[in-house]
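The values are calculated or read from the model by the stated rules, or taken from the named source; none is laboratory data. Bear in mind that the values here come from a model prediction, so they are computed numbers and not experimental data. Here the Cβ positions follow ideal geometry from the backbone for every residue, glycine too, while neighbour counts run over all protein chains shown. For the accessible areas, the whole protein counts, side chains as well, though only heavy atoms, and no ligand, DNA or RNA atoms are used. Shrake-Rupley method; radii C 1.70, N 1.55, O 1.52, S 1.80 Å.
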Amino acid sequence: MSAAEAWPSHTALASALHVCVGLSASLSKRALTAAAFAGFLLAAPLWAKAEPAAAPARAELQPAIALSHCAERLKPAFQTGDPVAIQAAVQDVELLRRTYGTLDVLPLVEAMTIFARDLGRKGSPAAGIKVLDTVERWAPRNPSVLGARIVLARQQGPQGWVWSIADLLELTRARLTNPDHRWLWTLQHLAWARVMAALLLWGTALALGLRYRRVWRTTWEDPLRHHAIHPHVVALLGAFIVTLPVVFGLDPGLAAMLWLWILAPFLTGPEVRVALAVILIQMVHPVLTLVEPLASPAPRPSLVTLQLRPQPAPPDERILAGLSAHDRTFLAGWRQLQSQDWPRAAATFEALAKESGDRAEVVNNLGVARYQMGNVQGAQACFDEAATLAPRRGEILLNQSVVAFRQMDGPLGFAKQEDARHFAPETFNRILAANQARTDQRTFALPLPDTPERIAALARAIRPERPASGGGIHLYTLLNLLLPLAAAGLFYLRLSRSIAQAHPSQCARCGEPFHTTDSPDAWVCSKCHHLFVLKDGLHGESRKRKVEEVAGFQRSQRWVHRFLAFALPGTDLLLAGETRAGMVEFSFLCFAAGVVLATGRPLRYPGEVLQDPATVWLPMGLVLLAILFLRSWLKLLPRRG
């Protein structure tokens, strides 16, 4: 219709005005008013044509546009803090959910979650928490809402950290129960294991190497001493031997394993057990490497999500091309239900009802269309048939309840509601929130369920199949898995061979290497045994020289002990021979250091728009690290004799 056709013609307006004027000349004032109103009515039908019928918006765009409109109404309402305005905006969302069925309003919840985080950054965490408390009814226990509440609570001070513990535990439970997030959360919170294993290996090898440093050198110096090689060359060869794996570009952990293998004959029983345990702990690295692919699975397509989530545009037909004709027809009927085209939806599902696939969903949706068209008896027959096929579906039970209340059968209506609450509590709560006001009685459709075949068809359309790149364990991962086992085996083999033959040891007093068969004391050389135990057998000059050697070695031991106590708490006890106590303290140190060094930035999990709150592992690790270092540094303070 053109603009000229939309407005009444001048002739029609003049005729109406002429009637009014003619009547006004002969009637009273009250009659004049009535005549003017009558003249307006004469022109009103013509004016009705002046407003062209608004072009109907595309049905697929309406839910998304309505959600955006609700978000823009909610934000100013919360900024003003007016409870009336907030309640009015919330009711708009409730009406929207009733209009479009049990529409998934998660995009609206995520938008309001971002808005709440912005309020917290602007210095109003309490206002942000109020926003989250309001929108959580539409997405109970949603990870984004829980994470935002934790962040906002922590911004309120130390008490907020305590208040957020319950939400933190709930968020952890949500991560562990979600198959797409479970392994990512696990790897994020086990990253410290890699650092801890590496620090244990290097720290233990360093402490034991310093403890047996003099006898350690004899393993390669004694064979070279008979060839009259300069001591400096011998020292360079020794440095090359102990760093051989690093020189060849191998894993530095191999160097530490080589040190423990060389030291095997000199270690005590507790030290042997500690060395073997530390070597086997290195299997943590390949095990976590094998788990890493589980943390980044490809997102799985979902027909249910495609139907319940508001789509900014209808799905691409090429994506749905892999589905069967039955599935594509069902999705067409679903879109007709969403656009409230009840006659076409009824015709679509009546045609599908003649087939056998997904009959419970098809018959239920046919009942929904019939009910909205006023055919209550036909709707009841459909819902009863659907209930026989799927007796525990919450939507079907609630539909039966709606029909029962419509027919004034209150006991049956309440009984069906209780059945829905018992068999499908989550569905009941979701639909109850969508129909919170209870100002109208309405029915609820069932989406086309996901099946492996449908998911595979969607996946092929979204991500075409690629040629297999070869599965199985990578060669590097396999080597890392076998390396600790091989190192432990070689360590045990060298240890068992050293037991059957005499081997050198290191004197605990002077540090000089000696053969255990040359002294009655396994920890002290024969000279120190005669000097400090028997107190005989040495010339005065030899006694003096030996005392100076002992003093020099003990002085260097004290400096090494102080360094280890300052830099690596726990290894100082390993140096002193207190293996069990030292290993316990050093293990706690490695754990705390691993937590601090391996805890990265918060993650944004797949399918979510916000990052998780910062983990509490980092402050816990820092506190434990500070306690361990302070406890060790107190040993360095001078004490009274």
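In the condition set (1) more than 24 Å from residue 571 (Cα to Cα); (2) within 45 Å of the chain's Cα centre (by Cα), residue 231 is compliant with all but (2). Within the set of pairs 6 or more residues apart or between chains, which connect a residue that is at positive phi inside region 562-579 to a residue that is among the small types (Gly, Ala, Ser) with Cβ atoms less than 9 Å apart? That search, which allows pairs on different chains as well, returns 570/203; 570/207; 570/581; 570/582; 570/587; 570/632; 577/508. If the condition is being in a helix (DSSP H, G or I) and either in contact (Cβ under 8 Å) with a residue 60 or more places away in the chain or open to solvent by 40 Å² or more (accessible area, probe 1.4 Å) (or both), then region 590-620 contributes 590, 591, 593, 594, 595, 597, 598, 617, 618, 619, 620.
Every condition in (1) within 37 Å of the chain's Cα centre (by Cα); (2) open to solvent by less than 20 Å² (accessible area, probe 1.4 Å) holds for residue 401 except the one numbered (1).
For region 426-454, name all the residues that are touching a helix residue (DSSP H, G or I) at 6+ places or on another chain (Cβ under 8 Å), modelled with pLDDT of 85 or more and open to solvent by 30 Å² or more (accessible area, probe 1.4 Å). Answer for region 426-454, where residues must be touching a helix residue (DSSP H, G or I) at 6+ places or on another chain (Cβ under 8 Å), modelled with pLDDT of 85 or more and open to solvent by 30 Å² or more (accessible area, probe 1.4 Å): 449, 450. Annotation: residue 311 fulfils all but one of (1) open to solvent by less than 60 Å² (accessible area, probe 1.4 Å); (2) more than 25 Å from residue 429 (Cβ to Cβ); (3) modelled with pLDDT under 90; the unmet one is (2).
Return yes when residue 413 is in a loop (DSSP other than H, G, I, E, B) and of a type outside the set (S, T, N, Q) and no when it is not. So residue 413 fails the test. Checking each residue in region 190-208 for being within 17 Å of the chain's Cα centre (by Cα), assigned to a helix (DSSP H, G or I) and of a type in the set (A, V, I, L, M) picks out only 191.
Considering only residues in region 56-109 that are part of a loop (DSSP other than H, G, I, E, B) and at pLDDT 80 or above, the one that is most open to solvent (accessible area, probe 1.4 Å) turns out to be 82. Here 555, 580 are screened, and the one residue that is in contact with a Pro (Cβ under 8 Å, 6 or more places away or on another chain), surrounded by fewer than 20 Cβ atoms within 10 Å (Cβ to Cβ) and part of a helix (DSSP H, G or I) is 580. The requirement of being assigned to a helix (DSSP H, G or I), aliphatic (A, V, I, L, M) and closer than 19 Å to residue 348 by Cα is satisfied by residue 386. Given region 138-189, what helices (runs of 4 or more DSSP H) lie entirely inside it while holding 1 or more residues that are farther than 21 Å from residue 598 by Cα and open to solvent by 10 Å² or more (accessible area, probe 1.4 Å)? Passing ranges, in order: 143-154, 158-163, 165-177.
Is it the case that some residue within region 119-128 is within 16 Å of residue 78 (Cα to Cα), surrounded by fewer than 24 Cβ atoms within 10 Å (Cβ to Cβ) and of a type in the set (Ser, Thr, Tyr)? Taking every residue of region 119-128 in turn, at least one turns out to be within 16 Å of residue 78 (Cα to Cα), surrounded by fewer than 24 Cβ atoms within 10 Å (Cβ to Cβ) and of a type in the set (Ser, Thr, Tyr).
Does region 317-327 include one or more residues that are in contact with a Lys or Arg (Cβ under 8 Å, 6 or more places away or on another chain), open to solvent by 20 Å² or more (accessible area, probe 1.4 Å) and modelled with pLDDT of 85 or more? For region 317-327, residues in contact with a Lys or Arg (Cβ under 8 Å, 6 or more places away or on another chain), open to solvent by 20 Å² or more (accessible area, probe 1.4 Å) and modelled with pLDDT of 85 or more: absent. Do we have residue 217 as under 49 Å from the mean Cα position of the chain (by Cα) and of a type outside the set (Val, Ile, Thr) here? No; evaluated as a whole, the condition is false for this residue.
Looking at residue 279, is it assigned to a helix (DSSP H, G or I) and crowded, with 17+ Cβ neighbours inside 10 Å? When the stated conditions are applied, residue 279 passes them. Would region 535-550 turn up any residue that is open to solvent by 60 Å² or more (accessible area, probe 1.4 Å), closer than 30 Å to residue 501 by Cα and in a helix (DSSP H, G or I)? Within region 535-550, one or more residues are open to solvent by 60 Å² or more (accessible area, probe 1.4 Å), closer than 30 Å to residue 501 by Cα and in a helix (DSSP H, G or I). For region 355-363, the condition holds for no residue, the condition being that it is assigned to a helix (DSSP H, G or I), under 30 Å from residue 605 (Cα atoms) and open to solvent by 50 Å² or more (accessible area, probe 1.4 Å).
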